[in-house]
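The values are calculated or read from the model by the stated rules, or taken from the named source; none is laboratory data. Computed from a prediction, not measured in an experiment: that's the story for all the values here. Ideal geometry is used to build each Cβ from the backbone, glycine not excepted, and the neighbour counts take in all protein chains shown.
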């Protein structure tokens, strides 16, 4: 690796960290404001102001105030599915699915208190819960479609559905383990996945 390449990688790493810090600041501001004023009493401008960013910066990361509250940052349609397809060419479908889910879970806030606040707000605001569920179902459907294309056999879609559902079950369990034991999410994901691979389960 040349010095120029190393410097470029460091710059990209720093840029990505700053983007994540900015997203986290806006996500936190959105949750705090909803907690204080309710969903209807929160605006994009208020979120941006509390987070210390411009409204233009806000819309570089989020499509709506609801997406900032839920924590689903703005991406191109089907980006996760595209990532799955791209990784599968190099790693194979099984490892690609695991890698994509690990990347997604790594974007979640590490702050347990912030995750607890989000959980409380989602319980109090049914519309947010519905939006979150709809987004999740869309992502799962896209991932199933990609895996179905990649797998062989007449039962490819059924196998793809099972793989995606199991993958999301692992991520949900990782969240629970992380909250209960204070582990960071990627570490909890790896531990749950190892346990699943060991096969010492009643299912």
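Elements of the type helices (runs of 4 or more DSSP H) sitting completely within region 29-112 and holding at least 2 residues that are more than 18 Å from the chain's Cα centre (by Cα), loosely packed, with under 15 Cβ neighbours inside 10 Å and outside the structural domain of residue 167 (by TED's automatic domain parsing): these cover 55-61.
For the structure I just gave you, tell me whether residue 134 is loosely packed, with under 13 Cβ neighbours inside 10 Å and outside any helix (DSSP H, G or I). Criteria not met by residue 134. Evaluation of residue 153 against the conditions (1) assigned to a helix (DSSP H, G or I); (2) over 17 Å from residue 104 (Cβ atoms); (3) in contact with a helix residue (DSSP H, G or I) (Cβ under 9 Å, 6 or more places away or on another chain) shows that the sole unmet condition is (1). Restricting 160, 188, 169 to residues that are in a helix (DSSP H, G or I), over 28 Å from residue 19 (Cβ atoms), within 15 Å of the chain's Cα centre (by Cα) and free of Cβ contacts under 8 Å to residues at least 60 places away in the same chain narrows the list to 169.
Comparison of 194, 200 shows that the only residue that is out of contact with any helix residue (DSSP H, G or I) (no Cβ under 9 Å at 6 or more places or on another chain), assigned to a helix (DSSP H, G or I) and surrounded by fewer than 16 Cβ atoms within 10 Å (Cβ to Cβ) is 194.
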